[in-house]
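Just below is one structure, and these are the notes that go with it.
The values are calculated or read from the model by the stated rules, or taken from the named source; none is laboratory data. Just so it is clear, the structure is predicted and the values come from calculations on it, not from any experiment. Note that each Cβ is placed from the backbone with ideal geometry, even for glycine, and that neighbours are counted across all protein chains shown.
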Amino acid sequence: MDLEQLILQFQKKDIKAYEKLYTMYCDSISGVVNNIVKNNTVAQEITQDVFIKAWNKADTYSSKKGRFFTWILNIARNAAIDYTRSKSFKQSKQNHNADFFVDILETSDNLDTATDTIGLKEFVTKLGAKCKSVIELLYFKGFTQKEASEELEIPIGTIKTRNRTCIGELRTMLGV
């Protein structure tokens, strides 16, 4: 069964289609979520919630607006960012041990291999330095456009333009 048929079955609440899509995408989604929340157990929980939300809102997906993976990835990214803004997350981060900070230092300059299940890292590394920094902050580290603007010390309009341009370059590389 091709992907379009699988998605149509998913939208018709076919449990087998759900299971197949979950198997196809759960590692990638979990990796992206984990990059944002920095906790594998929480990332797994959020990933499950994301697929349930996608199941419940399957009728809102339209292939005319973009790819299914991008749609579910946006749901996951938003859920992970929402979690990091929650009171429970902030309380859990009040007292960190040194290992947490060492991990941040080791992973902040490159993309985590857990997010590379679909081979995206290879394409992102082919982008220019400006694109790499914007894509990494927005999509792999969960920054908002405003936060990326502050981090890179450039205007938010520039972030938006680079994001659009860089995503276009990735689409060209992927032949989408």
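Values for this structure:
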item	result
Set Ile15, Ile52, Ile36, Ile7: member being modelled with pLDDT of 90 or more and surrounded by 13 or more Cβ atoms within 10 Å (Cβ to Cβ)	Ile7
Neighbours by Cβ (under 7 Å, 6+ apart or cross-chain): first from segment 134-152, touching a residue at least 60 places away in the same chain (Cβ under 8 Å); second among the small types (Gly, Ala, Ser)	Gly142/Ala80
Segment 1-52 - residue that is of a type in the set (Lys, Arg) and part of a helix (DSSP H, G or I) and, of those, farthest from Arg67 (Cα to Cα)	Lys16
Any hit, segment 64-79, residues being outside any loop (DSSP other than H, G, I, E, B), small (Gly, Ala, Ser), closer than 15 Å to Asn34 by Cβ and modelled with pLDDT of 90 or more	yes
The listed residue being of a type in the set (A, V, I, L, M), at pLDDT below 85 and under 21 Å from Leu152 (Cβ atoms), out of Ile104, Ile118	Ile104
Residue count for segment 153-176, restricted to those that are free of Cβ contacts under 8 Å to residues at least 40 places away in the same chain and either in contact with a Pro (Cβ under 8 Å, 6 or more places away or on another chain) or not aliphatic (A, V, I, L, M) (or both)	15
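Rundown of residues vs (1) closer than 16 Å to Phe140 by Cβ; (2) over 16 Å from the mean Cα position of the chain (by Cα), yes/no style:
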{"residue": "Tyr22", "(1), (2)": "no, no"}
{"residue": "Val32", "(1), (2)": "yes, no"}
{"residue": "Asp49", "(1), (2)": "no, no"}
{"residue": "Asp59", "(1), (2)": "no, yes"}
{"residue": "Ser62", "(1), (2)": "no, yes"}
{"residue": "Thr70", "(1), (2)": "yes, no"}
